[in-house]
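The values are calculated or read from the model by the stated rules, or taken from the named source; none is laboratory data. Since the structure is predicted, the reported quantities are computational estimates derived from the model, not experimental observations. With ideal geometry, Cβ positions are generated from the backbone for all residues, glycine too; neighbour counts draw on all protein chains shown.
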Amino acid sequence: MRIEDEIDGRFRNEYHKGMINLVFTTNHLNYSFVRFLKSYGLTSQQYNLLRVLRGFGPKPRSIDFLRKRMLDKKPDMSRVVDKLHKKGLVNRKENNTDRRLKDVIITKKGLELLAQMDDCEKQVDTLLKNLTPEEVDELNRLLDKIRG
């Protein structure tokens with residue numbers, strides 16, 4: 001459906017339309033994804049952090065290391081880690097070289113939760129099901145170009 005029909009709006013120019021379309025579409029996709037995560041009691045930041053930890057294996061990682069790899073660059077990474085720790089999904093400990101820093105590692109419970117959620121990856125793929133593989137390649141190229 002065209003953005004004009006979705007929001008019944010008018011635009012100053014095609015750049016304005018493109019920006020509104022991008023924000024509207026991002027919100028639409030994010031809403032579907034967040035609903036799925038909520039059924040597992042996670043936010044998108046918590047899910048992303050668990051996936052980063054799983055992807056880097058059993059070695060503890062610093063909060064700064066994790067912050068740099070997050071999709072959402074909000075500065076409250078310590079709070080996200082605290083919430084996951086309370087749920088038993090990660091462990092925290094003092095860094096051996098700098099006691100002010102905390103190292104984080106995913107727990108067995110965290111790994112088991114991600115294993116239960118593996119179909120999430122397939123569901124995320126379906127959010128773009130209206131596009132061909134070539135169109136997805138073009139979308140990725142254009143999004144990379146926007147970020148410069």
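Given region 36-148, what helices (runs of 4 or more DSSP H) lie entirely inside it while holding 2 or more residues that are of a type in the set (K, R)?
44-55, 63-69, 77-86, 108-116, 133-147
From N21, N96, grab the single residue that is at pLDDT 90 or above and of a type outside the set (F, W, Y). Explain how you work it out, then say what you get.
On the way: N96 fails: at pLDDT 90 or above.
Selected residue: N21, the only one of N21, N96 that is at pLDDT 90 or above and of a type outside the set (F, W, Y).
Please determine whether any residue of region 14-36 is closer than 19 Å to L113 by Cα and touching a residue at least 24 places away in the same chain (Cβ under 8 Å). Spell out how you get there, then give the answer.
Of all residues in region 14-36, those closer than 19 Å to L113 by Cα come to 33-36.
This time we only want the ones that are touching a residue at least 24 places away in the same chain (Cβ under 8 Å), so: 33, 36.
Yes, that holds for at least one residue.
So that you can scan it fast, the table gives a plain yes or no per residue for (1) in contact with a Phe, Trp or Tyr (Cβ under 9 Å, 6 or more places away or on another chain); (2) hydroxyl-bearing (S, T, Y); (3) surrounded by 14 or more Cβ atoms within 10 Å (Cβ to Cβ); (4) outside any helix (DSSP H, G or I):
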| residue | (1), (2), (3), (4) |
| --- | --- |
| E6 | yes, no, no, no |
| R10 | no, no, no, yes |
| I20 | yes, no, yes, no |
| T26 | no, yes, no, no |
| Y31 | no, yes, no, no |
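State which residue is farthest from the chain's Cα centre (by Cα) when the search covers only region 60-69 and only residues that are touching a residue at least 24 places away in the same chain (Cβ under 8 Å) and farther than 14 Å from T107 by Cβ.
Keep residues of region 60-69 that are touching a residue at least 24 places away in the same chain (Cβ under 8 Å), which gives 60-64, 66.
Next cut, farther than 14 Å from T107 by Cβ only: 62-64, 66.
Values: S62: 19, I63: 16, D64: 17, L66: 12 Å.
Looking at residues that are touching a residue at least 24 places away in the same chain (Cβ under 8 Å) and farther than 14 Å from T107 by Cβ, I get S62.
Within the set of pairs 6 or more residues apart or between chains, which connect a residue that is of a type in the set (A, V, I, L, M) inside region 1-13 to a residue that is at pLDDT below 85 with Cβ atoms less than 8 Å apart?
From region 1-13, the pairs are I3/G9.
Here's a check for you: in region 100-148, which residue that is free of Cβ contacts under 8 Å to residues at least 24 places away in the same chain and more than 29 Å from G18 (Cα to Cα) is surrounded by the most Cβ atoms within 10 Å (Cβ to Cβ)?
Residue satisfying both the conditions and the ranking: T107.
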